[in-house]
1. Taking the stated definitions as given, is Pro61 out of contact with any strand residue (DSSP E or B) (no Cβ under 6 Å at 6 or more places or on another chain) and modelled with pLDDT under 90?
2. So, of the residues in segment 1-30 that are modelled with pLDDT under 90 and touching a strand residue (DSSP E or B) at 6+ places or on another chain (Cβ under 9 Å), which turns out to be least open to solvent (accessible area, probe 1.4 Å)?
3. Specify which of the listed residues (Ala53, Ala82, Ala71) is part of a helix (DSSP H, G or I) and either open to solvent by 60 Å² or more (accessible area, probe 1.4 Å) or modelled with pLDDT of 55 or more (or both).
4. Could you tell me which residue of segment 22-41 is nearest to Asp68 (Cα to Cα), considering only residues that are outside any loop (DSSP other than H, G, I, E, B) and polar (S, T, N, Q)?
Amino acid sequence: MVKVRDVVREVVAERAAHELPLVDSLRQFDDDRVVRTLGRQGRRGEPLGFGYAEMVSLVTPVVWLVLDQAARRGVDMATESALARGRAGLRRLLRRAPAAPDRVLVELARDELALVRTHILERAVERGMDREEAEALADSVVARLATAPHPAQADQAE
């Protein structure tokens with residue numbers, strides 16, 4: 001299972017280690033709160049709300065927000081598929097499935113990885129990162145996602 005917060009931490013450790021204290025402080029909160037907080041961070045002069053003055057953090061919000069969006073889209077696709085199989089089956093599935101506290105990324109197809117790369121690149125440049133640095137960040141995220149073990153891969157290996 002690939003969690004958004006784990007991929008974020010790995011990428012930040014590689015690309016912007018100075019942001020690790022921010023990532024580690026955010027990991028104590030649920031994903032919805034983190035997304036709300038990082039989504040607000042773009043407004044000038046508004047502190048994060050965790051005792052940090054507005055840090056020069058480019059990588060953390062870009063990566064977390066884009067991956068959260070990708071994870072939500074994966075959940076949306078799974079839900080749509082389940083609805084197509086019937087409401088009764090979905091109700092049974094929801095009764096049995098425990099609530100996951102962390103957003104999980106499904107295995108992404110090549111075109112979905114390309115879309116994640118594009119979103120990371122666009123958001124990083126919007127936040128003031130130079131193009132070359134933004135491309136390196138986007139490549140790091142996609143590499144992590146492409147090589148992360150997913151449950152289906154683990155089942156096939158056995």
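1. Here the answer is no, as Pro61 does not meet what is asked.
2. Checking each candidate, the answer is Val2.
3. Going through Ala53, Ala82, Ala71 in turn, just one is part of a helix (DSSP H, G or I) and either open to solvent by 60 Å² or more (accessible area, probe 1.4 Å) or modelled with pLDDT of 55 or more (or both): Ala71.
4. Start the filter on segment 22-41 by keeping residues that are outside any loop (DSSP other than H, G, I, E, B), which leaves 22-26, 31-40.
Filter again for polar (S, T, N, Q), leaving 25, 37.
Working: Ser25: 17, Thr37: 13 Å.
Filtering segment 22-41 for residues that are outside any loop (DSSP other than H, G, I, E, B) and polar (S, T, N, Q), the one nearest to Asp68 (Cα to Cα) comes out as Thr37.
The values are calculated or read from the model by the stated rules, or taken from the named source; none is laboratory data. This structure is a prediction, so every number in the text was calculated from the model and none was measured. When we count neighbours, we look across all protein chains shown, and the Cβ atoms used for this are built from the backbone with ideal geometry, even at glycine. Quick note on the areas: whole protein, heavy atoms, side chains included, nothing else; ligands and nucleic acids left out. Shrake-Rupley method; radii C 1.70, N 1.55, O 1.52, S 1.80 Å.
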